[in-house]
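Colleague: Sharing a structure here in structure tokens format.
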Amino acid sequence: MIGQADYCITVMASPLTIRPVLTKRDRKIFVDLPFRLYRDDPNWVPPLKGEALGLITPEKNGWYSHAKAQLFLAEQDGRVVGRISAHIDTLALEMPAERGFGPGTGFWGLMDAENEEQFTALITAAEGWLREQGMTRAIGPVSQSVWEEPGLLIEGYDHPPTVMMGHAKPEYRGWVERAGYLPVKTLYTYDLPISDGFPPIVNRIVASGEKNPRIRIREVDKSKFMEEAEIILGILNDAWSDNWGFIPLTEPEIKDIGVKLKPIVFNDLIRIAEVDGRPVAFMITLPDLNEAIKPLNGNLLPFGWAKLLLWLRRPKARTMRVPLMGVLKEFQSTRLASQLAFMMIEYIRRPSVARYGASRAEIGWVLDDNQGMRSIADAIDSKINKVYQVYAKTL
């Protein structure tokens, strides 16, 4: 147990104190802070508070089965003015350094502050904790798993993020860089109009695939949720194994994600591509839950739960998000890979428009060096709409 005195930093020039989060009340304060800091930002989407608390509560987040974290709060003039998480993932420590993390690498994230002085004190506390854990390098922001919200928003502040994507204040970029952090990876999301279909060349590729008896693009069967999830995870672990920052999901995390995402999983929005009867690729699409939860201001009570339940039963969303696509590595350098991708995109586009009322989609995030995925995004006339930056610093 970390004692109160072990991680308190007081900036002598001002009444600013950084202290560790130690109690349930502290965690609630940690979750509540962004609601005040972003209350005048029309493009911030308030998370459901229960979900946000679950993320930072070890008993409720399977990620903690292979990770540990210390949260900090900044206090000034009798009120909380900032927050940050410092964390270590044992699976990240075990990965080869050329894949982005590796031995000695720790993380920080979930950072918010009123001003730069507060941020500097917070990141100093996070770095101090990481050093005491034996870390020699800090990467951030990553909040908290790489599967949650990696990267700091540096372009695209003018419209809300989609489900499971982050938002930030424009000034944070300067604060991070002046704290000595340098960019190590850029992540993109792509905006895609879907009402009128895709360019003729894409339609011809799809039509050609439909004539190929070896190819089958099928919907998932939600009644066999875990079986389908196992197929998708098998493809994902192979397809993404060489990607920067890829950490395979563990059994506890898979269970948590299943509970979290199952309500917004719909058979016709998730496709598995089979070649000669063998699953070789997948695409997951989610209705943008943020459109439904934004008016709730983080609360399901007194009537928010009923509004959300009604939406989940008959979801209508302007935007669809494509968080994950993958094709087995043995196919990635072949023409078949792009053909399967175009077929899945088109097969999901049709119900997205007809059944769910969507007019746009967002693809991502996409790594800056993922040329295959970026080429597909270009071919369907999508445009980069948000840019996220991941930073690193030697401790």
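The values are calculated or read from the model by the stated rules, or taken from the named source; none is laboratory data. What you are looking at is a predicted structure, and each value in this text was computed from that prediction instead of being measured. Don't worry about glycine lacking a Cβ; one is built from the backbone with ideal geometry, like all the others, and counts go over all protein chains shown. Side chains are part of the model used for accessible areas, which takes the heavy atoms of the whole protein and leaves out ligands, DNA and RNA. Shrake-Rupley method; radii C 1.70, N 1.55, O 1.52, S 1.80 Å.
Colleague: Given the condition under 23 Å from GLY54 (Cβ atoms), part of a strand (DSSP E or B) and open to solvent by 20 Å² or more (accessible area, probe 1.4 Å), answer yes or no: does some residue in the range 247-261 qualify? Before you say what the answer is, go through the steps one by one.
Modeller: Of the range 247-261, the ones under 23 Å from GLY54 (Cβ atoms) are 247-261.
In the following step, the residues that additionally are part of a strand (DSSP E or B) were identified as none.
Scanning the range 247-261 turns up no residue that is under 23 Å from GLY54 (Cβ atoms), part of a strand (DSSP E or B) and open to solvent by 20 Å² or more (accessible area, probe 1.4 Å).
Colleague: If you don't mind, there's one more thing I want to ask. Tell me which residues, restricted to the range 338-367, are in contact with a Ser or Thr (Cβ under 7 Å, 6 or more places away or on another chain) and on the phi > 0 side of the Ramachandran plot.
Modeller: Of everything in the range 338-367, just one residue is in contact with a Ser or Thr (Cβ under 7 Å, 6 or more places away or on another chain) and on the phi > 0 side of the Ramachandran plot, namely GLY364.
Colleague: How about the range 142-156: which of its residues are touching a strand residue (DSSP E or B) at 6+ places or on another chain (Cβ under 9 Å) and not in a strand (DSSP E or B)?
Modeller: Result: GLN144, SER145, VAL146, GLU148, GLY151, GLY156.
Colleague: Next question, about the same structure. Here is a list of conditions, (1) open to solvent by 30 Å² or more (accessible area, probe 1.4 Å); (2) closer than 23 Å to ARG360 by Cβ, and LEU286 meets all of them except one; can you say which number that is?
Modeller: Only one criterion is unmet by LEU286, namely (1).
Colleague: Another question about this same structure. Does MET111 qualify as being in a strand (DSSP E or B), open to solvent by 10 Å² or more (accessible area, probe 1.4 Å) and touching a helix residue (DSSP H, G or I) at 6+ places or on another chain (Cβ under 9 Å)?
Modeller: Against the criterion (in a strand (DSSP E or B), open to solvent by 10 Å² or more (accessible area, probe 1.4 Å) and touching a helix residue (DSSP H, G or I) at 6+ places or on another chain (Cβ under 9 Å)), MET111 qualifies.
Colleague: Go through the range 180-235 and report how many residues are in a strand (DSSP E or B), of a type outside the set (A, V, I, L, M) and either open to solvent by 60 Å² or more (accessible area, probe 1.4 Å) or in contact (Cβ under 8 Å) with a residue 60 or more places away in the chain (or both).
Modeller: 10
Colleague: Among all residue pairs at least 6 apart or on different chains, which show Cβ distances below 6 Å where the first residue, located in the range 123-138, is without any contact (Cβ under 8 Å) to a residue 40 or more places away in the chain and the second is open to solvent by 50 Å² or more (accessible area, probe 1.4 Å) and part of a loop (DSSP other than H, G, I, E, B)?
Modeller: Cβ pairs passing all conditions: none.
Colleague: Taking the range 63-87, which residues are part of a strand (DSSP E or B), under 19 Å from THR250 (Cβ atoms) and open to solvent by 10 Å² or more (accessible area, probe 1.4 Å)? Lay out the reasoning, then the answer.
Modeller: Of the residues in the range 63-87, the ones part of a strand (DSSP E or B) are 67-76, 79-87.
Pick out the ones that are also under 19 Å from THR250 (Cβ atoms) and you get 67-69, 87.
Once the filter is applied, which keeps residues that are part of a strand (DSSP E or B), under 19 Å from THR250 (Cβ atoms) and open to solvent by 10 Å² or more (accessible area, probe 1.4 Å), the range 63-87 yields ALA67, LYS68, ALA69.
Colleague: Please go through (1) crowded, with 17+ Cβ neighbours inside 10 Å; (2) within 23 Å of LEU187 (Cβ to Cβ) for ARG271 and return the number of the only condition it doesn't satisfy.
Modeller: So ARG271 meets the others, but not (2).
Colleague: Next up: Mind checking which residues of the range 357-389 are closer than 17 Å to PRO199 by Cβ and either in contact with a Gly (Cβ under 8 Å, 6 or more places away or on another chain) or not acidic (Asp, Glu) (or both)? Outline the logic, then answer.
Modeller: Looking only at the range 357-389, we keep the residues that are closer than 17 Å to PRO199 by Cβ, and these are 360-361, 363, 374-383.
Once the filter is applied, which keeps residues that are closer than 17 Å to PRO199 by Cβ and either in contact with a Gly (Cβ under 8 Å, 6 or more places away or on another chain) or not acidic (Asp, Glu) (or both), the range 357-389 yields ARG360, ALA361, ILE363, ARG374, SER375, ILE376, ALA377, ALA379, ILE380, SER382, LYS383.
Colleague: Continuing with this model, one more query. Only one residue in GLU59, GLU116 is surrounded by fewer than 21 Cβ atoms within 10 Å (Cβ to Cβ), charged (D, E, K, R) and modelled with pLDDT under 95. Which one?
Modeller: GLU59
Colleague: Follow-up. Write out, first by first residue and then by second, each pair whose Cβ atoms fall under 7 Å of each other, whose residues are 6+ apart or on separate chains, and whose first residue, in the range 168-179, is within 21 Å of ARG36 (Cβ to Cβ) while the second is surrounded by fewer than 17 Cβ atoms within 10 Å (Cβ to Cβ).
Modeller: PRO170/TYR157; TRP175/GLU116
Colleague: When you scan the range 294-395 for strands (runs of 3 or more DSSP E) that lie fully inside it, which ones turn up with 1 or more residues that are at pLDDT 95 or above, over 28 Å from GLN144 (Cβ atoms) and open to solvent by less than 70 Å² (accessible area, probe 1.4 Å)? Explain how you work it out, then say what you get.
Modeller: Numbers: elements: 319-327, 360-367, 383-394.
Per the criteria, 319-327, 360-367.
Colleague: Mind listing just one residue for me: the one in the range 1-40 that is at pLDDT 55 or above and of a type in the set (Ser, Thr, Tyr) and, of those, surrounded by the fewest Cβ atoms within 10 Å (Cβ to Cβ)?
Modeller: Looking at residues that are at pLDDT 55 or above and of a type in the set (Ser, Thr, Tyr), I get THR23.
Colleague: Scan GLY102, GLY134 and give me the residue that is open to solvent by less than 10 Å² (accessible area, probe 1.4 Å), on the phi > 0 side of the Ramachandran plot, assigned to a loop (DSSP other than H, G, I, E, B) and modelled with pLDDT of 95 or more.
Modeller: Of the residues listed, the single one that is open to solvent by less than 10 Å² (accessible area, probe 1.4 Å), on the phi > 0 side of the Ramachandran plot, assigned to a loop (DSSP other than H, G, I, E, B) and modelled with pLDDT of 95 or more is GLY102.
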